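Enquirer: One structure coming up, written as structure tokens, with questions to follow.
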Amino acid sequence: MRVLRELTRRPSALFGLIVVAIVLLAAIFAPWIAHFSPDDQLADGLSLEGAPLPPGGGHFFGTDTLGRDLFARVLFGARTSLIIGLVANGVAVAIGLLVGLLAGYLRGTAGNLLMRFTDLMMAFPALLLAIALAALLKPSLWIVAMVIALVNWVQVARIVYTETRGLVERDFIVAERSLGAGNSRIILFHILPHLMPTAIVWGTLGIATTVLLEATLSFLGIGVQPPQPSWGNIIFESQSYFQDAPWLVFIPGAIILATALSFNLIGDALRDILDPTQRGRL
Amino acid sequence: MGSFLARRLVQAVLILLGVAAITFLLLYCLPADPAVLIAGRSATPQMVTAIRHELGLDQPLVMQFLHYVGNLLHGDLGRSYTQKTEVLPLILARLPATLVLMAAGIVVEVALGLTFGIIAAVWRGGFVDRSVMMLSFVGVSSPQFVVALLLLYVFAATLGWFPMSGFGTARHVVLPALTLGVLGAGWYARMVRSAMIEVLRQDYVRTAHAKGLSGRRVVLRHALPNALLPIIAMVGIDIGQFMSGVVVVEAVYGWPGIGQLAWQAIQQVDVPIIMGVTLVSALAIVLGNLLADFVAPFVDPRIRSQ
């Protein structure tokens, strides 16, 4: 609660919270908000010449090249983007926590091996690795989420590793161990709670990265497959018409930007609040 | 110092081996059988078996991996499924275009990032700082393909200042380089700012001010060189960002580089090309990191004496 109050006191974080709340509500209540189904090719969805309709009139965001209501597609696309954003990033943070914690706690050969593997993953450009994975597997919502999780855990692992290394040396951990506490007890009750601020901050910042990566994969045609709408594949489907029907590209584009920006702003503010020593860093 | 660099060199080689292992395993786990893909639709089972034998796909996993690494060392990245040619020449033919684009992108990124980062650090805490930081967040939160299409829409389709797509003249480079540079510029600005703030707090900067040097001289000649070090160390991650960005930017602008090659390969599920581009990118990242390690002592004498 204290954190939330502090967040609302910062204009940029407040902006982020409002945008995220709107997107979340839109995703949850999409079927009730939208007047049309996202997949219906409406009889009056195209002009007499067969062109998509611009925003306004009966269609808030206009229609796409197949005569589908863009507002409905964007609303349902919010579901796709948020599910992937939350699930993929949740898994990535969990893997990162596990690897970083184990490597930092075990040290020695096992810890070293884990960190060398992390270094190895750093050598791959995230998007290309995701492309390679997505090209090998048949892309679907959950595959895309897993692909993103598999490339995004690395940074979290590195940070958690550094923090755990520092924590293990601290007196209260040494004291706990000399009192006879086992490894699992030390990790669960004494190290993990100290890693929570990091996990929360990266859990938020990472959603921005994930939403962008999903949009990019879908834009390249290897993310979530049409007709299931995602913000990225709405743009993918209409990119060649961006001169004649700019709304089809720039409305979803602006929404992707606003969503990623909001998660970044909230994450940045959370870092300031939860970890004052990091204030002003990156 | 020497032993540190030697250790980094060994590490780089090991990482490259690991990279090869991962791409190999990805290829190995491929659901589609490459022999079937190469043989074509009308092939008999005997022909597929023959091709499998020819490719060494009937050998044990370890042998296949050694064979794969041996091939890589000879510059053999495999054959494209669709173009029926070697992957390496395909990549090499397109590399110059990508390097031009990346060089231009780096110029944009560094120019914007340094300028905004220094401005924010000098006027830290104020309105200028907050605006620049907000702007940098917008930069890092922008989907590159939307930026690319927006620049095309405004500056090519509407204003007609730049060509829609293609390659050849300086005017072709401007929009792709801007698209590529903006994202990185956001990160650079934030990093330059925090590094500069750290340096500006130090005693020697106060001394420089105290002896009456102009503010500009203190910032640019005394503080900036020391703030650059963490930025040089970022070059590996930076190259990674660029390699990812190149795929999107080249796809949108029709830029004939390796990003476009990868994008076309995605459409046709031409896995050897995708893997080839991934390998070349990983190589670039590892070399970039190594370069940063070797350059750092020249920029900062403190590292040389360690």
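Enquirer: Rounded to a whole number, what % of the accessible area of the protein assembly as shown do carbon and sulfur atoms account for, probe 1.4 Å?
Expert: 67 percent
Enquirer: As a test of the formula, what do you get for chain B when each DSSP H run with n ≥ 4 contributes -39,500 (n - 2.57) and the sum is divided by the residue count, at 222 nm and rounded to the nearest 500 deg cm²/dmol?
Expert: -24000 deg cm²/dmol
Enquirer: Right, here's the next one. What is the mean projected area of the alpha carbon convex hull for chain B, to one decimal in square nanometres?
Expert: Value for chain B: 20.5 nm².
Enquirer: Given the Cα atoms of region B:110-244, and with Rh set as the inverse mean 1/r over their pairs in the Kirkwood sense, what is Rg to Rh to two decimals?
Expert: 1.07
Enquirer: If I model region A:125-282 as equal point scatterers sitting on the Cα atoms and use the Debye formula, what is log10 I(q)/I(0) at q = 0.17, 0.19 Å⁻¹?
Expert: Treating every Cα as an identical point scatterer, log10 I(q)/I(0) equals -1.02, -1.14.
Enquirer: Rounded to the nearest 10 degrees, what's the angle between the helix A:126-136 long axis and the longest principal axis of chain A, both from Cα atoms, 0 to 90?
Expert: 70 degrees
Enquirer: Next question, about the same structure. If you put +1 on each Lys and Arg Cβ and -1 on each Asp and Glu Cβ, how big is the dipole of the protein assembly as shown around its Cα centre, in Debye rounded to 20?
Expert: In debye, rounded to 20, the protein assembly as shown gives about 2040.
Enquirer: Taking amide H atoms as placed 1.01 Å from N in the peptide plane, list the residues 5 or more away in sequence, or in a different chain, whose amide H sits under 5 Å from that of A:THR63.
Expert: Counting only residues 5 or more places away or on other chains, the set is A:LEU53, A:LEU70.
Enquirer: If you project the alpha carbons of region B:250-303 onto the principal axes, what extent comes out on each, in Å, largest first?
Expert: So the three principal-axis extents are 51, 24, 10 Å.
Enquirer: Continuing with the same structure: May I ask for the distance between the Cα centers of region A:11-74 and region B:56-120, given as a whole number of Å?
Expert: Region A:11-74 and region B:56-120 have Cα centres separated by 40 Å.
Enquirer: At 25 °C and 0.890 mPa s, what whole-number value in µm²/s does Stokes-Einstein give for the translational diffusion of region A:83-217, with Rh from the Kirkwood sum over Cα pairs?
Expert: It diffuses with D of about 157 µm²/s by this estimate.
Enquirer: What quantity of accessible surface, computed with a 1.4 Å probe and excluding non-protein components, is buried in total between chains B and A, in Å² to the nearest 100?
Expert: Accessible area lost upon association: around 3900 Å².
Enquirer: For region B:235-279, treating each Cα as an identical point scatterer without solvent, what Debye log10 I(q)/I(0) comes out at q = 0.34 1/Å?
Expert: -1.15
Enquirer: Relative contact order of region A:135-282, please, whole-number percent, based on alpha carbon pairs below 8 angstrom and at least 6 residues apart.
Expert: Answer for region A:135-282 is 24 percent.
Enquirer: Sorting B:ARG8, B:ARG206, A:ARG185 by accessible area (1.4 Å probe), largest first, what list results?
Expert: My answer, sorted largest first, is B:ARG206, A:ARG185, B:ARG8.
Enquirer: Quick one: net charge around B:LEU72, please, counting Lys, Arg +1 and Asp, Glu -1 for every other residue with C-beta under 15 Å from its C-beta.
Expert: My count for the surroundings of B:LEU72 gives -1.
Enquirer: Using helices alone, what [θ] at 222 nm do you get for chain A, with -39,500 (n - 2.57) per DSSP H run of 4 or more residues, divided over all residues and rounded to the nearest 500?
Expert: Dividing the helical sum by the residues of chain A leaves -23000 deg cm²/dmol.
Enquirer: Would you mind counting up the charge near A:HIS35? Only other residues with Cβ under 15 Å from its Cβ, with Lys and Arg at +1 and Asp and Glu at -1.
Expert: Summing Lys and Arg as +1 and Asp and Glu as -1 gives -2.
Enquirer: Still on this structure, please answer the following. Which value, in Å to one decimal place, does the Kirkwood hydrodynamic radius take for region A:1-138 when every pair of different Cα atoms is included?
Expert: Hydrodynamic radius (Kirkwood, Cα pairs) of region A:1-138 is 19.3 Å.
Enquirer: What is the protein assembly as shown by shape, rounded, prolate or oblate, if you read a ≥ b ≥ c off the alpha carbon gyration tensor as root eigenvalues and call it rounded for a/c under 1.5, prolate for a/b larger than b/c, and oblate otherwise?
Expert: rounded
Enquirer: Additional query: At what distance in angstrom do the alpha carbon centres of region A:245-262 and region A:171-242 lie from each other?
Expert: Their Cα centres are 22 Å away from one another.
Enquirer: A further question on this structure: Against the globular-protein guess of 2.2 N^0.38 Å, express the Cα radius of gyration of region A:53-102 as a ratio, rounded to two decimals.
Expert: Relative to the rule-of-thumb radius for its length, region A:53-102 sits at 1.86.
Enquirer: Going by accessible area, probe 1.4 Å, with all protein chains left in place, what is the ranking of B:LYS84, A:LYS138, B:LYS211, largest first?
Expert: Final ranking, largest accessible area leading: A:LYS138, B:LYS211, B:LYS84.
Enquirer: Where Rh is the Kirkwood radius over the Cα pairs of chain A, the temperature 25 °C and the viscosity 0.890 mPa s, what D in µm²/s does Stokes-Einstein return?
Expert: Translational diffusion coefficient: 119 µm²/s.
Enquirer: So, one more: Could you compute how much accessible surface B:GLU198 exposes when probed at 1.4 Å, giving the result in Å² to the nearest 10?
Expert: Counting only protein heavy atoms, B:GLU198 exposes about 90 Å² to solvent.
Enquirer: So which DSSP H runs in chain B come out at 27 Å plus along the axis (Cα) with average Kyte-Doolittle of at least 1.6?
Expert: In chain B, the long hydrophobic H runs are B:2-28, B:87-122, B:271-299.
The values are calculated or read from the model by the stated rules, or taken from the named source; none is laboratory data. Note that the structure is a prediction, hence the values are computed from the model and not measured. Every residue, glycine among them, receives a Cβ derived from its backbone with ideal geometry; neighbour counts consider all protein chains shown. All accessible areas refer to the heavy atoms of the entire protein, side chains included, with ligands and DNA or RNA removed. Shrake-Rupley method; radii C 1.70, N 1.55, O 1.52, S 1.80 Å.
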